[in-house]
């Protein structure tokens, strides 16, 4: 029986051993071994044991964990907006504070400006710059060089805020500084012209001082009035302009001129008498009974000031 079994085994083809692989099978086995090694490596990576270095083998595809991470990053939704940036929040805060400052009265803004708040100074400037420019232009009869006077006036006002006893009266106080600056400018220009060192007087800028709705006749009369005002002493010219061009009452005109009520009345009366004596109008004379009866004012009539 044993001999028969041995003979049967001898008839079967012998199984090649691992040490004697046929040459035509070796390449195929190497491919299978490489695939098995890669699979084993992937299993170890998924188990958290880290990659296994395989010597003598070209790098294969990226591990599955890295592929999953890349796919997740590519398809995951973008993170939610973290809100406005720091610069945007700062701008919003400044805008909110600016709106709050705009609602404050002059006295409150002056109190903040005295403490060094530049925003309060800015709001005071924006609020009263048109008033200061119009005041200077009406006194000068033109807008030339008045911006320099207004700029210097604001600088003086901000430098002397601590000396302002009534903070809520900032507007009238600023106006007096503008009037003082214009008085100095007009006197200096007149003195230079007297000695032949200055230029001729600036032409009257009706576009800056006359109303756009004023008819041509009224604009011509206004130009004549300003031409006569330039021949007057500076103090009388300013007092009359404040009273009849700016429309201030006598008390306010006295404060702006920094003089007594009696003094400003006297200056206005002298200027009025000069203008009445030299003004050439096309309408009937002032005080005509026919005009008074009709309740009309002559087109060339100058405003009158009551005697003190």
Legend entry - Exclusive hit being under 38 Å from the mean Cα position of the chain (by Cα), at pLDDT 85 or above and not assigned by TED's automatic domain parsing to the domain that holds residue 133, set 243, 270: 243
Inset, instruction - Determine which single condition residue 231 fails, assuming it passes every other condition in (1) more than 32 Å from the chain's Cα centre (by Cα); (2) modelled with pLDDT of 90 or more; (3) not in a loop (DSSP other than H, G, I, E, B). - result: (3)
Inset, instruction - Provide a single number: the residues in the range 212-230 that are in contact (Cβ under 8 Å) with a residue 24 or more places away in the chain and closer than 13 Å to residue 141 by Cα. - result: 6
Inset, instruction - Scan the range 97-122 for residues that are under 20 Å from residue 165 (Cα atoms) and not in a loop (DSSP other than H, G, I, E, B) and jot them down. - result: 106, 107, 108, 109, 110, 111, 112, 113, 114, 120, 121
Inset, instruction - Of the numbered conditions (1) over 22 Å from residue 203 (Cα atoms); (2) within 41 Å of the chain's Cα centre (by Cα); (3) without any contact (Cβ under 8 Å) to a residue 60 or more places away in the chain; (4) in a helix (DSSP H, G or I), residue 252 fails exactly one; give the number of that condition. - result: (3)
Legend entry - Hits in the range 184-202 (condition: within 18 Å of residue 232 (Cβ to Cβ) and at pLDDT 70 or above): 184, 185, 186, 187, 188, 189, 190, 191, 192, 193, 194
Inset, instruction - With respect to residue 155, determine if the residue is outside the structural domain of residue 257 (by TED's automatic domain parsing) and either touching a strand residue (DSSP E or B) at 6+ places or on another chain (Cβ under 6 Å) or more than 21 Å from residue 134 (Cα to Cα) (or both). - result: no
Legend entry - Filter result for residue 209 (under 33 Å from the mean Cα position of the chain (by Cα) and touching a residue at least 12 places away in the same chain (Cβ under 8 Å)): yes
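The values are calculated or read from the model by the stated rules, or taken from the named source; none is laboratory data. Keep in mind the model is a prediction, meaning the values are calculated, not measured. Using ideal geometry, Cβ is built from the backbone for each residue, glycine included, and neighbour counts are taken over all protein chains shown.
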